[in-house]
Amino acid sequence: MTLICITSPKGGVGKTTLTANLAYTFQRQGKHVTVIDFDSQDSLKLHFGLSFDDTDGVVAEESQHSNWDNLIVTTDSGIDLLPYGRTNRKERLNFEKYLADSRQLEEALRPYYQDEDRVLLVDLPPGHSVSLDAISRLKPIFVTVLMADSSSVAVLPTIENGDFFPVEVESDIYFWLTSWICVNV
């Protein structure tokens with residue numbers, strides 16, 4: 001029973017790329033992997049070979065119900081993906097209202113991580129969000145992605161003093177530092 005959320009107080013740190021890589025890693029270990037994109041950039045699907053022009057997804061389909069099976073796309077690699085979908089402001093706000101009811105969210109997510117051989121990875125948007133607050137109530141493992149740079153160091157106090165994660169988060173927070181190597185050719 002594994003629910004892992006990948007988050008960061010800032011964007012552009014490799015959070016979505018890490019989510020995709022973790023999905024492939026767990027799949028190679030024999031786990032049934034489902035990946036859900038709660039980031040409105042809707043770019044996680046690109047890591048699994050779906051087109052950016054594909055507009056379907058959990059938010060775009062007004063899926064404020066407890067069964068998301070019909071929205072799952074099984075990728076060529078065998079990983080199940082639930083994209084965010086291309087949306088407008090009204091759809092995003094309606095989805096945030098849905099997320100505020102943790103019972104509905106737990107009911108919708110439970111089938112994807114309740115068995116021992118299943119792993120659910122959730123790619124959260126950067127910064128504070130309704131989805132971070134909602135998913136926190138389900139007691140997931142959090143992987144917080146930062147870069148080895150000054151702007152990531154600047155947000156560490158926000159995490160350390162408890163201002164980034166909701167009160168419900170007590171433990172199981174891990175950090176992942178990414179670094180970029182620039183080579184002048």
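A few notes on this one:
- In plain terms, if you count all Cα to Cα distances in segment 1-92 and split them into 5 Å steps from zero, the share in each step is 3, 13, 25, 25, 21, 11, 3, 0 percent.
- Peptide packing for 46-52, 143-149 was compared via the average number of neighbouring C-beta atoms within 10 Å per residue; ordered from the highest value, the list is 143-149, 46-52.
- The H on the amide N of Ile36, modeled in the peptide plane, is under 5 Å from the matching H of Leu82, Leu121, Val122, Asp123, each at least 5 residues off or on a different chain.
- Protection proxy ranking of 76-89, 151-164, 104-117, 26-39 - average other beta-carbon atoms within 10 Å, highest first: 26-39, 76-89, 104-117, 151-164
- Reference-scaled alpha-carbon Rg (2.2 N^0.38 Å with N residues) for segment 2-178: 0.97
- Modelled FRET efficiency - R0 30 Å, Asp53 with Arg28, Cβ distances, 0.05 increments: 0.55
- Couplings 3J(HN,Hα) for segment 80-97, derived from phi with the Karplus relation 6.51 cos²θ - 1.76 cosθ + 1.60 (θ = phi - 60°), are 7, 10, 10, x, 5, x, 7, 9, 10, 4, 4, 5, 5, 5, 5, 5, 5, 5 Hz, where x marks Gly and Pro.
Here, each number is a calculation from the coordinates, and none is a lab measurement. Everything quoted here is computed from the prediction, not taken from an experiment. Neighbour counts are summed over all protein chains in view; Cβ atoms, including those assigned to glycine, are modelled from backbone coordinates with ideal geometry.
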